[in-house]
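The next block holds one structure in the form of structure tokens; read it before the comments.
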Amino acid sequence: MDTDDGRVVLAAFLASALLAGGNAVAIRFSNRELEPLWGAGLRFSLAAALLVAVMAALRLAVPTGKAAIGALLYGSLSFGAAFALFYYALVELQAGFGQIVLALVPLATLLLAVLQRQERLRLAGVAGALVGFAGIVLMSRTSLPDTVPLVSLLAAVGGALCVAQAAVLVRRFPRVHPVTMNAVGMASGAVLLLAGSAVAGESHALPRSGETWAAVVYLVVVGSVLVFVLYLFVLERWSASRTTYGFLIIPVVTVALSAWLDDEAVGLGLLLGGALVLAGVYVGAIRPTRE
């Protein structure tokens, strides 16, 4: 990879993580009016429709054979299973603890990739993930609950594992254009989420307030279409474990946005924790290697 291409991929990596940092804030506004699974299903249904329109404009072919299977599995894990589990977990878990679980994704991805013989165990990868994880714990230490519901904890960990496994799995199938992969993946994920919403007996009302619609629009256009197209663009060019280091940046952006929007004080823990996260991401993902 030449220098210019490397800079483009790095820019896409950082942009994906920074834009995804606003998702948690938008979801919080969405959840004030919409049921969780219904809100997630609506989000990915609209995003899939938008991506299908982009496919038509770019004249991208619909995947077939193994490529189609890979896209469906990617969507079922990344959007269907992961978001169902995360939404269920966050009914009981506090946001700070959820950020800690999210920070496990890079380390989980590395270990899964090694177990499935897709990558070799890298000391820098482990060190970067652990340093970044320590930073998230430091940032979120004031939000840690005294007791954690076991089922909710297992659901959150399960969601993180789904995201990690999806990143590893997608590299085993024929390459598909990021727009097409996400169009098929989000459609399959939306089907699972809407089915789960129906089983849970959720209300399927559309948003009424402009604030909720603004949150939904952000989640569809920015938090789904742009974020995941950029994510797959990077995943095609970097290893799975390296790509998922963006999940360490996302909580930092989320906390900063929450502090800005809710006028929360920025304490020393946030500053020191953020510095550790950036150090971990540099060591594990950005620092030049011999790969």
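The values are calculated or read from the model by the stated rules, or taken from the named source; none is laboratory data. None of the values given here were measured: they were computed from a predicted structure. For neighbour counting, all protein chains shown are included, and Cβ atoms are generated from backbone atoms with ideal geometry for every residue, glycine included.
Tabulated results
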quantity: Qualifying residue in region 202-218 (condition: out of contact with any strand residue (DSSP E or B) (no Cβ under 9 Å at 6 or more places or on another chain), under 23 Å from residue 13 (Cβ atoms) and surrounded by fewer than 23 Cβ atoms within 10 Å (Cβ to Cβ)); calculated: yes
quantity: Residue within region 52-68 that is within 22 Å of residue 254 (Cα to Cα) and either surrounded by fewer than 19 Cβ atoms within 10 Å (Cβ to Cβ) or under 18 Å from the mean Cα position of the chain (by Cα) (or both) present; calculated: no
quantity: Criterion: assigned to a helix (DSSP H, G or I) and either among the charged types (D, E, K, R) or free of Cβ contacts under 8 Å to residues at least 40 places away in the same chain (or both) - qualifying residue of 191, 216, 199; calculated: 199
quantity: Check on residue 205, under 13 Å from residue 37 (Cα atoms) and either part of a helix (DSSP H, G or I) or in contact with a Gly (Cβ under 7 Å, 6 or more places away or on another chain) (or both); calculated: no
quantity: Qualifying residue in region 213-233 (condition: modelled with pLDDT under 90 and either more than 18 Å from residue 178 (Cβ to Cβ) or small (Gly, Ala, Ser) (or both)); calculated: no
quantity: Single condition residue 92 does not satisfy, out of (1) in contact with a Gly (Cβ under 8 Å, 6 or more places away or on another chain); (2) closer than 24 Å to residue 151 by Cβ; (3) in contact (Cβ under 8 Å) with a residue 60 or more places away in the chain; calculated: (1)
quantity: Residue check, residue 34 within 18 Å of residue 211 (Cα to Cα), more than 17 Å from the chain's Cα centre (by Cα) and either hydrophobic (A, V, I, L, M, F, W, C) or part of a helix (DSSP H, G or I) (or both); calculated: yes
quantity: Selection from region 195-252 of residues that are touching a helix residue (DSSP H, G or I) at 6+ places or on another chain (Cβ under 7 Å) and among the aromatic types (Phe, Trp, Tyr); calculated: 218, 228, 231, 233, 238, 245, 247
